[in-house]
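First comes the structure, then the notes that go with it.
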Amino acid sequence: VQLQASGGGLVQAGDSLRLSCAPSGRTLSNYVMAWFRQAPGKEREFVAAIAGGSSTAYADSVQGRYTISRDNAKNTIYLQMDRLQPEDTAVYYCAGRNPSLTGIRRDTRAYAYWGQGTLVTVSS
């Protein structure tokens, strides 16, 4: 499965962005999908995840500001990011678990499929 992430850009603190993730060749409706991010000089970290039944999980740092969702009709995963802060600056990656695995996980090793990343830059 190849994942294509898009929607990144340069915004000011307090602004919003919506990231999208779409696959090529597969239907995502049964996949646990997640967003991770990696800031310069830091390890890749969990941001949010959504299961096939639409249960969700968030990192503490984005809880209440970010919303992950899926549109099965469009076969797309979204990450709505509100009240962005400079510390949110990172390359954001979408990822998917093997469809036989149904639990939400927060570690990168649990995800078999990765997109190429989209850069989000938040200026102060």
- [ ] Under 9 Å between Cβ atoms, at least 6 apart or on separate chains: pull out the pairs that start in the stretch 77-104 with a residue that is more than 14 Å from Phe46 (Cα to Cα) and end on any residue that is open to solvent by less than 10 Å² (accessible area, probe 1.4 Å) and part of a helix (DSSP H, G or I).
- [x] Met81/Asp88
- [ ] Could you tell me whether Val62 is touching a helix residue (DSSP H, G or I) at 6+ places or on another chain (Cβ under 7 Å), open to solvent by less than 60 Å² (accessible area, probe 1.4 Å) and touching a residue at least 24 places away in the same chain (Cβ under 8 Å)?
- [x] no
Open item on the list: Can you say whether Arg70 is at pLDDT below 95, on the phi < 0 side of the Ramachandran plot and buried (at least 18 other Cβ atoms within 10 Å of the Cβ), as far as the supplied structure shows?
Closed with: yes
- [ ] For the stretch 6-36, enumerate the residues that are in contact (Cβ under 8 Å) with a residue 24 or more places away in the chain, surrounded by fewer than 23 Cβ atoms within 10 Å (Cβ to Cβ) and not in a loop (DSSP other than H, G, I, E, B).
- [x] Ser6, Gly9, Leu10, Val11, Gln12, Leu17, Arg18, Ser20, Ala22, Pro23
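The values are calculated or read from the model by the stated rules, or taken from the named source; none is laboratory data. The model shown is predicted, which means the values in this text are computed figures rather than measured ones. Reconstructed Cβ throughout: ideal geometry from the backbone, glycine too, with neighbour counts over all protein chains shown. Ligands, DNA and RNA are stripped out before the accessible areas are found, and what is left, the full protein with its side chains, is counted by its heavy atoms. Shrake-Rupley method; radii C 1.70, N 1.55, O 1.52, S 1.80 Å.
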